[in-house]
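Q: Take this structure, written in structure tokens, and hold onto it; I'll ask about it next.
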Amino acid sequence: MRAIAKNVDGHYYPEFHHGWGGCAEELFHYTSRYYTYTEAFLRNLAGEPEYSMGSYKANMLSDEQRRLMAAILSCRPDRASARAILHLVSDAERSCGEVEETLRQTYREQLEVIPSGVALVYVHRPHESQLQDVAPLDPFLNIAERLQLPVAVKAHHVEVPLKLLARQMDSSSSRIRENLNEAILRLHTAGYLLRNHPGLTHMEAHKIADEDAV
């Protein structure tokens, strides 16, 4: 985890791994009515097809759990980190404000650089693409086209109806689920953010896009 930046009002901004994309904001700062996308992303990443975030809201996290969430989100998205988040979310839902010692030890190094007793706030930071000589949009756009999912790319934002996307991420086809999650990870890693655009049509997508569209 990189350095913590201190804001003038005393708030600290943890540096989250870019692979989480907008899911980090959803998990750490607020929970919107479009959380189903984040839920499906975590479910597939963790390999837990029956998992549900239930009634989770970010403000359910205790201060200690919030520090741990920041620590986990500083790590690369993979099965282990996704399962740690599922565990933490479940504890928060049950109003259990404590952090299990096994999780604390697993993320001890990350926790050491996060101050305690201060307000932790997330903000998305643009970053350079980590993918060299790769078109990170192509896999996602190709899958979206096959699934007839409208997409418009505008200034490093990928606009898509997130509820429709979440539905496809919960497809009965394991191949679709895996390929879609991998394509989304590539978008996140390249610095793209998925944004909800309810009711987007293919025609509108082509009108508003300043890059690619399907």
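Q: Going by C-beta contacts inside 10 Å, put SER32, SER116, SER171 in order with the fewest on the left.
A: On the way: SER32 13, SER116 9, SER171 16.
Ordered from fewest to most neighbouring Cβ atoms within 10 Å, SER32, SER116, SER171 come out as SER116, SER32, SER171.
Q: Roughly speaking, what % of Cα-Cα pairs in the chain are separated by over 25 Å, rounded to a whole number? Can you show the working numbers first?
A: On the way: 8732 of 22791 pairs.
Roughly 38 percent, once rounded to a whole number.
Q: Right, something else. Whole-Hz ³J(HN,Hα) for each residue in region 50-63, computed from phi via Karplus 6.51 cos²θ - 1.76 cosθ + 1.60 with θ = phi - 60°, x for glycine and proline: what do you get?
A: Using θ = phi - 60°, the values come out as 9, 5, 9, 6, x, 9, 4, 10, 4, 6, 6, 5, 6, 4 Hz.
Q: In addition: Out of the DSSP beta bridges found with both residues in the chain, what percent are antiparallel (nearest 5)? If you can, show how the numbers build up before the last one.
A: Numbers: 6 of 11 bridges.
Just about 55 percent of them are antiparallel.
Q: Assuming a ≥ b ≥ c are the square roots of the Cα gyration tensor eigenvalues, decide whether region 5-112 counts as rounded (a/c under 1.5), prolate (otherwise, with a/b larger than b/c) or oblate.
A: Details: a/c = 1.36, a/b = 1.27, b/c = 1.07.
Rounded, because the longest to shortest axis ratio a/c is under 1.5.
Q: Have a look at HIS188, HIS202, HIS18 and tell me which one the Gaussian network model of the chain (Cα, springs below 10 Å) gives the largest fluctuation.
A: Judging by the Gaussian network model, the answer is HIS202.
Any read-out appearing in this document is the output of simple, stated calculations on the displayed coordinates, not a laboratory observation. Everything quoted here is computed from the prediction, not taken from an experiment. Virtual Cβ from ideal backbone geometry, glycine too; neighbours counted across all protein chains shown.
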